[in-house]
Amino acid sequence: MRGKLTLGGALCALLAFGCNSNGSSGGAGGTGSGGSGGAGEIEGLVSIVVSPEALEVIVDGSAPTDVSYAATGTFDDASTRDVTDEVSFGLLDSSLGNFDANVLTPTTVKGGATVVRAQAGSIVGTADIVLKLQRTRNDPSSPDLPNDPSAVFDAANEDPSLNPALLYPNDGVLVPPNLRLLEFHIDPADDNGLFELSFQNEVTDVKVYFTCHTPVGGGCIYTPDPEVWGWLSQTNRGGDPVEFIARGTDANGTTVGASETFKASFALDDVAGAIYYWTTSGGTAIMRYDFGSNDQTIAEMFLGTEETGGTCVGCHALSRDGTKMVAEAGGQHDGRLLLLDVATTTPMVPFGSTPKSIFESWNPDGSQFVGVYADNGATDYNLLLFDGDTGASLGSIDTGSTVADPADHPDWSPDGNRIAFTRMGIKGTNQRMFKGSIEMVTYDGAAWSESEVIVPNESGKNRYYPSFSPDGSLLIFNESQCNGGNETGSECNADADETATLWIVPAAPGNTPVRLDNANAPGVADQDQTSLTNSFPKWSPFVFRRGKEQGERLEWLTFSSRRNYGLRSPSGGDMLIWMVAVEPDKALAGEDPSAAAFAIPYQDLDTSNHIAQWTEKIIVVQ
């Protein structure tokens, strides 16, 4: 049985609840005893029973009510006695409260489920406790809210004609808890004037009230303020999904409609690292955003055309430690390189003084990068090696590539021993190529191997842009479909193809690729449109934790897409950067490892954005 407490209130009716002595850790405060220290062995003790054995506490922001626990010991002669004063009490998740002797003071700022532990030496007894966060919030950005909006909804009658629609985030999204700026997009019914957005699960009961004070695209957008975001993200780090539903009422509050119910989850770990992406409109530039920042709200311009004499800088690659960048300027048939010291934003060698390349990738320590060049004037169609400080040629890796089937899109593995690349099945340029296959070479400490096929080419398809996962076990890549028998059409030339989709495969020959159905799927606002240009996939360099259980690994992937960002529709052929959670162990088991994708909120939404290259950290410009 589970007792129920309201912080600041009295003990309520008991509710059915199963006791769980295993428990789990996590949350912003991490794990720990949350107690008064350890206790020594008690002679003859064989087990401990903790009471109350299960409890639900309502966290409503008022002053907490302390909870007293007792411990009963069973001994090797089958006798029992009270051992409360002889054991130490603590919480498995210490962020949810603190013990003073046997008295628990729960937190008032977050919810969560954890385990109370009573311990003497090696003997441990446990009891379950659930803190349910129960809060309401009147959006401070919404004018003209009623004094008590919740009462309006409580009194209204249901009317399906007033049902609003949730457009974003997409159902099944998984986000990092430090995302901060996740928007909620609602398509209102004609008479909706006041909204309630409700978030519910075992540890969450949060309701927000707002008006449509800044309409976008005929709908309404709500962005949680920092307090609401903290309630949701800290309560649900690494936990179960939160169900969210929007309700809308008319100006008089007489009738109310409700949307479908969607689900969102929060990863256990904050995402770390930084992205540098290329914007191709509104003045071409390389922009950057630091996920480790606590206050950055929009990407900053890192590099324009000032170091290239006005020539457009596009495809770029960052060393893993973030100290160096190599960028190609001028597009097709150009291949001049800008090798840049990131801290000073100055060229390490004069622009265009190195051998040519189009796409590049760095080795783990930043001492070398690999490139390709198959455009005008090319003489070596293999993988080209460059010195990471001077850009000088270090020769090439023989992949058996010729003018008919050049190498393209290289990606150097995190362990430094493999390079994946695209082989053109039908010659094009490095930017626009056809009928690609995914191949790989391996370094044995002395020499690079012959090329091995990871994903073969196939009639009517183009496969390209391989990228190693942060642990090196997987390759993400793009696949495009060609129309009819035309294998050299613009719809499948690897250059922002509308039919581009994301696929994943173990980084070794003989495996079957898996389509990332969840990541590729359209959102509500896309309706039946499935050609969304899910292209240019790149990984965050770290492996994170999905949840509180051991072994639940999580990796983050970014890609570019023309899909609708809820109510925000990219203009023309513009693309935005999207991000998606990937569980690598599902991919290794042949399952779709992806969640629903979300748009990175820090990008300029009025530009077309591509190729979000990740690095471990931002190097501050000196």
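The values are calculated or read from the model by the stated rules, or taken from the named source; none is laboratory data. Every value quoted in this text rests on a predicted model; they were computed, and no experiment measured them. Cβ sites come from the backbone with ideal geometry, for glycine too, and all protein chains shown count toward neighbours.
Counting only residues that are free of Cβ contacts under 8 Å to residues at least 40 places away in the same chain and touching a Lys or Arg at 6+ places or on another chain (Cβ under 8 Å), how many does segment 436-457 have?
The qualifying residues number 4.
How many of the residues in segment 440-469 are outside any strand (DSSP E or B) and over 27 Å from the mean Cα position of the chain (by Cα)?
12
Output the residue which, of all residues in segment 476-499 that are within 24 Å of Arg418 (Cβ to Cβ) and without any contact (Cβ under 8 Å) to a residue 60 or more places away in the chain, is surrounded by the fewest Cβ atoms within 10 Å (Cβ to Cβ).
Applying the filter and picking the extreme gives Glu479.
Report, by residue number, each residue of segment 116-169 that is within 29 Å of Glu227 (Cβ to Cβ), of a type in the set (Ser, Thr, Tyr) and in a strand (DSSP E or B).
Residues satisfying the conditions are Thr136, Tyr168.
Tell me the residue from Val152, Val130 that is within 30 Å of Lys548 (Cβ to Cβ), out of contact with any helix residue (DSSP H, G or I) (no Cβ under 7 Å at 6 or more places or on another chain) and of a type in the set (A, V, I, L, M), please.
Val130
Among the residues of segment 223-255, which ones are closer than 24 Å to Asp190 by Cα, hydrophobic (A, V, I, L, M, F, W, C) and at pLDDT 95 or above?
Phe244, Ile245, Ala246
Just the residues that are among the basic types (Lys, Arg) and modelled with pLDDT under 95, please, taken from segment 576-622.
Lys617 - this is the single residue of segment 576-622 that is among the basic types (Lys, Arg) and modelled with pLDDT under 95.
For Leu340, only one of the following conditions fails: (1) surrounded by 23 or more Cβ atoms within 10 Å (Cβ to Cβ); (2) closer than 19 Å to Ala407 by Cα; (3) in contact with a Lys or Arg (Cβ under 8 Å, 6 or more places away or on another chain). What is its number?
(2)
Each row is one residue, and each column tells you yes or no for (1) farther than 22 Å from Pro570 by Cα; (2) modelled with pLDDT under 95.
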| position | (1), (2) |
| --- | --- |
| Ala494 | no, no |
| Ala500 | no, no |
| Trp503 | yes, no |
| Pro506 | yes, no |
| Thr512 | yes, no |
| Arg515 | yes, no |
| Asp528 | no, yes |
| Leu532 | no, no |
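Can you name every one of the strands (runs of 3 or more DSSP E) wholly within segment 380-439 that holds 1 or more residues which are among the polar types (S, T, N, Q) and surrounded by 24 or more Cβ atoms within 10 Å (Cβ to Cβ)?
418-423
When you scan segment 178-192, how many residues do you find that are of a type outside the set (D, E, K, R), buried (at least 16 other Cβ atoms within 10 Å of the Cβ) and either over 23 Å from the mean Cα position of the chain (by Cα) or part of a loop (DSSP other than H, G, I, E, B) (or both)?
Summing the residues that are of a type outside the set (D, E, K, R), buried (at least 16 other Cβ atoms within 10 Å of the Cβ) and either over 23 Å from the mean Cα position of the chain (by Cα) or part of a loop (DSSP other than H, G, I, E, B) (or both) in segment 178-192 gives 6.
Scan (1) under 22 Å from Asp269 (Cβ atoms); (2) small (Gly, Ala, Ser); (3) surrounded by fewer than 21 Cβ atoms within 10 Å (Cβ to Cβ) for the single condition Ser531 breaks and write down its number.
(1)
For segment 197-226, name all the residues that are surrounded by fewer than 22 Cβ atoms within 10 Å (Cβ to Cβ), over 23 Å from Ala599 (Cβ atoms) and over 26 Å from the mean Cα position of the chain (by Cα).
Across segment 197-226, the qualifying residue is only Thr211.
Pairs needed: first member in segment 307-319, in contact (Cβ under 8 Å) with a residue 24 or more places away in the chain and over 27 Å from Pro364 (Cα atoms); second member anywhere, assigned to a loop (DSSP other than H, G, I, E, B) and of a type outside the set (Phe, Trp, Tyr); C-beta distance under 7 Å; at least 6 residues apart or different chains.
These pairs meet every condition: Thr311/Thr305; Thr311/Gly330; Cys312/Thr284; Cys312/Thr305; Cys312/Gly330; Cys312/Gly331.
If I filter segment 203-222 down to residues being assigned to a loop (DSSP other than H, G, I, E, B) and among the β-branched types (Val, Ile, Thr), which single residue comes out as modelled with the highest pLDDT?
Val203
Checking the conditions here, which among Gly97, Gly112, Gly90 is touching an Asp or Glu at 6+ places or on another chain (Cβ under 9 Å) and not aliphatic (A, V, I, L, M)?
After applying the criteria, what remains is Gly112.
Just wondering, is there one or more residues in segment 236-250 that are surrounded by 20 or more Cβ atoms within 10 Å (Cβ to Cβ), within 22 Å of the chain's Cα centre (by Cα), polar (S, T, N, Q) and not in a strand (DSSP E or B)?
yes
Can you tell me which residues in segment 368-379 are buried (at least 23 other Cβ atoms within 10 Å of the Cβ) and among the β-branched types (Val, Ile, Thr)?
Val370, Val372
Each row is one residue, and each column tells you yes or no for (1) aliphatic (A, V, I, L, M); (2) without any contact (Cβ under 8 Å) to a residue 24 or more places away in the chain.
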| site | (1), (2) |
| --- | --- |
| Leu232 | yes, no |
| Arg237 | no, no |
| Asp240 | no, no |
| Phe244 | no, no |
| Thr261 | no, yes |
| Ala267 | yes, no |
| Asp270 | no, no |
| Ala274 | yes, no |
| Leu303 | yes, no |
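Consider Phe359 against the criteria (1) closer than 17 Å to Tyr276 by Cβ; (2) surrounded by fewer than 19 Cβ atoms within 10 Å (Cβ to Cβ): it satisfies all of them except one. Which criterion is unmet?
(2)
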